[in-house]
Every structure is written in structure tokens, then in C-alpha cells.
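Comments concern the structure below.
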Amino acid sequence: MRPGSRPRHALGFGGRRDQSVDSDLAEAVAALKDIFSKRGIPLTLTKGDPAVIDDLKKTLKVPQRYRAFLAAADPADVETVTPSEKVRLFSSDKLKAEQSSAAYGDLTSHAGWRKSWIIVGRSALLGDPYFLDTSKLDAEGDCPVFSVMMGSTLKPVLCASSFQQFLRILATAMEVATGFRQEQLDDEDESIFREALGPKIKTIDSAALRAGHWT
């Protein structure tokens with residue numbers, strides 16, 4: 001168990017152990033739902049199709065905790081809105097197609113692109129992919145989330161040390177963004193937002209803060 005995490009009281013879905021949500025993941029999803037509701041931004045989470053999730057496990061080797069997320073809260077329509085970034089998460093039925101999407105140009109065919117990298121979202125502002133690195137699984141069946149800039153050399157930047165922490169960072173960023181204009185933002189808005197977000201991320205994932213993606 002990761003230091004500081006709570007005991008894992010699983011919430012089962014269909015009685016399947018590999019598609020159950022632990023308390024930390026459940027709280028991260030709940031926080032995301034709550035802040036979308038408070039800000040009045042549309043959010044659609046559904047229960048993923050078990051057959052689709054099983055296929056993702058076989059073909060993409062999607063890790064256990066992410067499968068649990070898809071089973072309980074498949075992101076049919078989720079796009080965060082902050083002054084510095086808009087992150088769109090992909091639903092389970094679109095996940096396979098996104099691994100070779102033309103939207104990424106030559107990025108996923110780059111010689112340095114690894115089979116262990118699974119794209120789970122994209123920047124709606126810049127098009128940069130967000131991906132799991134399944135070669136770095138932890139004891140909870142979770143793994144880090146990275147991003148890489150489109151049109152650049154292949155240099156992934158850590159966004160979160162686990163997918164659960166990634167969701168918490170997304171929810172926290174949405175919370176910090178409350179009160180900022182959603183459109184016609186300027187550089188000063190973004191600077192103020194990033195400065196306010198940094199201390200919040202530090203309490204969630206200090207490694208992600210040091211990596212500098214969010215700040």
C-alpha cells in the first residue's frame with residue numbers, strides 16, 4: 001500500500017474482484033463528480049461494458065485499477081476546464097482507436113514510443129496525449145500518468161504517480177479554477193492559477209509537482 005493511503009475497502013461491480021473500486025479511487029471519482037456539479041459543467045460517467053473492458057485487458061494489457069475505473073465510471077463525456085489546460089478523458093469504447101489515432105501524427109509510430117504506454121486522454125487545448133506507463137505497475141495495480149508534447153522530441157513528463165492521483169489532480173485543478181473566466185483567458189490568469197495550484201498538488205503528489213507539468 002502506498003504510504004498515506006487508506007485501507008482498501010472495495011466496492012464490487014458484478015462480483016468481479018478485478019473490477020472493484022477501492023476507497024481511494026472512489027473518493028477521487030467522487031471529487032471529480034462534485035466539482036463538475038459545483039461549476040455547472042456537463043459530466044457523463046457510466047458503467048463500462050464488461051466485454052469491452054475484458055478485451056482491453058487482453059489487447060492493451062490495461063491495468064487493474066484503470067479497469068476498475070472504467071467499470072464504475074467510464075468517462076463517456078469528461079473534459080476538465082482550467083486556465084492552463086483542458087483534459088479530455090477517453091471512454092472504454094474509444095480507447096483502442098486512440099492508440100493509433102491520426103490526431104497524434106507520427107507520435108505513436110515514433111521509434112521511442114513504447115507498447116507499455118496506453119493513451120487515456122488528450123489535451124483539448126494542445127492535442128498532447130496523456131498516457132499510462134504500464135511498465136511501472138505498483139502493488140495496487142496502478143501506474144504513473146505521463147504526457148508528451150506534440151511535435152517535439154519524445155520526452156515524457158510525469159503528470160501523476162498513479163491514475164488515482166491523476167484524477168485527484170484533475171479535480172483539484174478544477175476546484176482552484178473556480179472563479180476564473182472559462183473563455184478569453186490571458187497570460188496573467190494562467191500565471192495566477194498555476195501559482196495557486198502548486199501547493200495543492202504538493203499535498204497530493206510531490207513528484208508530480210517537481211516534474212512541473214501542471215505549474
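The values are calculated or read from the model by the stated rules, or taken from the named source; none is laboratory data. Note that the coordinates shown come from a computational prediction; the quantities given were computed from them, not determined experimentally. Ideal geometry is used to build each Cβ from the backbone, glycine not excepted, and the neighbour counts take in all protein chains shown.
Some notes on this structure:
- Pairs where the first residue, in region 77-100, is closer than 15 Å to L125 by Cα and the second is assigned to a helix (DSSP H, G or I) and hydroxyl-bearing (S, T, Y), C-beta under 7 Å, 6+ apart: none
- Some residue of region 44-51 being modelled with pLDDT of 95 or more, touching a strand residue (DSSP E or B) at 6+ places or on another chain (Cβ under 9 Å), buried (at least 23 other Cβ atoms within 10 Å of the Cβ) and aliphatic (A, V, I, L, M): no
Okay, residues lined up against (1) touching a Lys or Arg at 6+ places or on another chain (Cβ under 6 Å); (2) at pLDDT 95 or above; (3) in a loop (DSSP other than H, G, I, E, B):
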{"residue": "T153", "(1), (2), (3)": "no, no, yes"}
{"residue": "L170", "(1), (2), (3)": "no, yes, no"}
{"residue": "E183", "(1), (2), (3)": "no, no, yes"}
{"residue": "I192", "(1), (2), (3)": "no, no, no"}
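- Region 133-157 - residue that is within 17 Å of P63 (Cβ to Cβ) and in contact with a Pro (Cβ under 7 Å, 6 or more places away or on another chain) and, of those, surrounded by the most Cβ atoms within 10 Å (Cβ to Cβ): D142
- Tabulated pairs, region 134-150, first over 14 Å from S162 (Cβ atoms), second assigned to a helix (DSSP H, G or I) and among the hydroxyl-bearing types (S, T, Y), C-beta under 9 angstrom, 6+ apart or interchain: M150/Y104
- Residue count for region 37-91, restricted to those that are over 23 Å from W214 (Cβ atoms), β-branched (V, I, T) and either in a loop (DSSP other than H, G, I, E, B) or touching a helix residue (DSSP H, G or I) at 6+ places or on another chain (Cβ under 9 Å) (or both): 5
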